[in-house]
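Following this message is one structure expressed as structure tokens.
The values are calculated or read from the model by the stated rules, or taken from the named source; none is laboratory data. Only a predicted model underlies this, so the values are computations on that prediction, with no experimental measurement involved. Backbone-built Cβ (ideal geometry, glycine too); neighbour counts: all protein chains shown.
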């Protein structure tokens, strides 16, 4: 951009544009790119020679609503500055978020001759905003669930107590006896639902112990093999040098069972379920403070070859009563319970899935010792 004909001020301005951390590019009135600075190349992965003469829509990921572009061009055509956000795609196909300010440039007669855009990569900020919204939503649901659970549990306890009195007073051979026992069974199942809600809302009393997660997985898998059925091939790949963790063994066993049953239901025609463990150190800059803190963890991965999940399902995956299954196939509390237990164990969960590509659930638990 700089040349020998520039004045000192122009040369300084040119160097400022070239060295700016923001991606700056210019288009002509036909919307063809005529200039990009090095930051543009860094953000997008495209070299300057690859984009000169191209329309900026080459960066579009197809995820920004068309109304945004329409509003942008209305503002620019009227000579006003426009600011907004885009979801774009780099040369390698990865997505990123841009916050852009685009200004029309005018000649001496006031006619628009070109447009200059200054764009900042806000991918990190957008991720943190989404994580914060999710944490706030889950905490709010957890508080509501906790209140409902205590009240509901008190009602169930009263019903069970009165039913027990009735069962003592009614002869075992009475025709009413089976009906009253059915009432008791339903009330007990209701109490079980409250325990799951309490686990989700992190209000359930836990009894943590220092233990070998591998041994707990092996024991739980003995039961799992009977639950999963013959069409599900269950394998384990457990790290020999796994560090101990301090958790409630009953609760973490429930986590394993719930994730495995969820995987089984995602493989109606059978498939492969794998449970793996490893030691890991989290130093991920993308981890939000308090939600996924850096540190030494034991990670347990549960992967399946099932139908997978899209982004909409993933966004609601751990919410109580959310389910993609038929009503008779579950309460929608399985993964909500998993979330609550893991968070109460000072851990966190990551999920990776795409439609048709199965799913991987990774449970991170702090190493002990």
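Among the candidates 21, 16, which residue alone is more than 34 Å from the chain's Cα centre (by Cα) and either closer than 24 Å to residue 92 by Cβ or assigned to a helix (DSSP H, G or I) (or both)?
Details: 21 fails: more than 34 Å from the chain's Cα centre (by Cα).
Every option except 16 fails the conditions.
Residues that are at pLDDT below 85 and within 16 Å of the chain's Cα centre (by Cα): does the stretch 246-259 have at least one?
no
Which of the residues spanning the stretch 25-37 are without any contact (Cβ under 8 Å) to a residue 60 or more places away in the chain and part of a strand (DSSP E or B)?
Once the filter is applied, which keeps residues that are without any contact (Cβ under 8 Å) to a residue 60 or more places away in the chain and part of a strand (DSSP E or B), the stretch 25-37 yields 33, 35, 36.
Output the number of the condition that residue 40 fails; it satisfies all remaining conditions of (1) touching a helix residue (DSSP H, G or I) at 6+ places or on another chain (Cβ under 9 Å); (2) in a helix (DSSP H, G or I); (3) surrounded by fewer than 17 Cβ atoms within 10 Å (Cβ to Cβ).
So the condition that residue 40 fails would be (3).
Still on this structure, please answer the following. Name the residue that is surrounded by the most Cβ atoms within 10 Å (Cβ to Cβ), counting only residues in the stretch 261-284 that are under 19 Å from the mean Cα position of the chain (by Cα) and free of Cβ contacts under 8 Å to residues at least 60 places away in the same chain.
Taking the stretch 261-284 first, the residues under 19 Å from the mean Cα position of the chain (by Cα) are 262-263, 266, 282-284.
If we keep only those that are free of Cβ contacts under 8 Å to residues at least 60 places away in the same chain as well, we get 283-284.
On the way: 283: 8, 284: 10.
It comes out as 284.
Considering the stretch 227-274 alone, what residues qualify as being out of contact with any helix residue (DSSP H, G or I) (no Cβ under 7 Å at 6 or more places or on another chain), closer than 29 Å to residue 209 by Cα and in a strand (DSSP E or B)?
Listed by number, the residues that qualify are 235, 237, 246, 247, 274.
Right, here's the next one. Look through the stretch 312-353, keep the residues that are modelled with pLDDT under 60 and assigned to a helix (DSSP H, G or I), and return whichever of them is surrounded by the most Cβ atoms within 10 Å (Cβ to Cβ).
Among them, the one singled out is 329.
Is it the case that residue 141 is modelled with pLDDT of 85 or more, over 20 Å from residue 251 (Cα atoms) and surrounded by 15 or more Cβ atoms within 10 Å (Cβ to Cβ)? Let's see the steps before the verdict.
Values: modelled with pLDDT of 85 or more: no; over 20 Å from residue 251 (Cα atoms): yes; surrounded by 15 or more Cβ atoms within 10 Å (Cβ to Cβ): yes.
For residue 141, the condition - modelled with pLDDT of 85 or more, over 20 Å from residue 251 (Cα atoms) and surrounded by 15 or more Cβ atoms within 10 Å (Cβ to Cβ) - is not met.
Something else: I'd like to check something: does the stretch 212-219 contain any residue that is closer than 13 Å to residue 367 by Cβ and touching a strand residue (DSSP E or B) at 6+ places or on another chain (Cβ under 8 Å)?
Yes, that holds for at least one residue.
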